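Working notes, structure below.
The values are calculated or read from the model by the stated rules, or taken from the named source; none is laboratory data. Here the structure is a predicted model, which is why all the values come from computation and not from measurement. All Cβ positions, even for glycine, are placed from backbone atoms using ideal geometry, and neighbour counts span all protein chains on display. Each accessible area value is taken on the protein alone, full model and side chains, heavy atoms only, with ligands, DNA and RNA left out. Shrake-Rupley method; radii C 1.70, N 1.55, O 1.52, S 1.80 Å.
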Amino acid sequence: AAPDSTRKYSLSVRLRSYGFLGKHGYLGQTEIQLRSLRNQKELVGWYPLMGRTGRNDLNKAETDRARGSVRLRAQWIYSIPALLEYYLLLSELRLNELQKSKNG
């Protein structure tokens, strides 16, 4: 069963740009509140990317300023029946894709 109170909990997402030769640029971070992931359903949305938090940045306004946005798809599955249903759905979708490619 899901926790009774999800108000305090969130999923934190940090994005980086990985380069081939050295520096990996920090793109930003965002959070998805667990209370927005209801009924074990998939949530798709755009989330603002913010600067680093909890760091001693020289310019606080730079930290709080949005750095663009990222589209995320999230789903919180917290029961065994829902997990099995999810895997069944993925299997059916994959079988359909294989059938279409086989038929041309």
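Miscellaneous remarks
- Residue selected from segment 1-30 under the condition open to solvent by 100 Å² or more (accessible area, probe 1.4 Å) and closer than 26 Å to Ala82 by Cα, by the criterion modelled with the lowest pLDDT: Ala1
- Looking across segment 65-90, the residues that are exposed (fewer than 14 other Cβ atoms within 10 Å of the Cβ), closer than 15 Å to Ser36 by Cα and modelled with pLDDT under 90 come down to Gln75, Tyr78.
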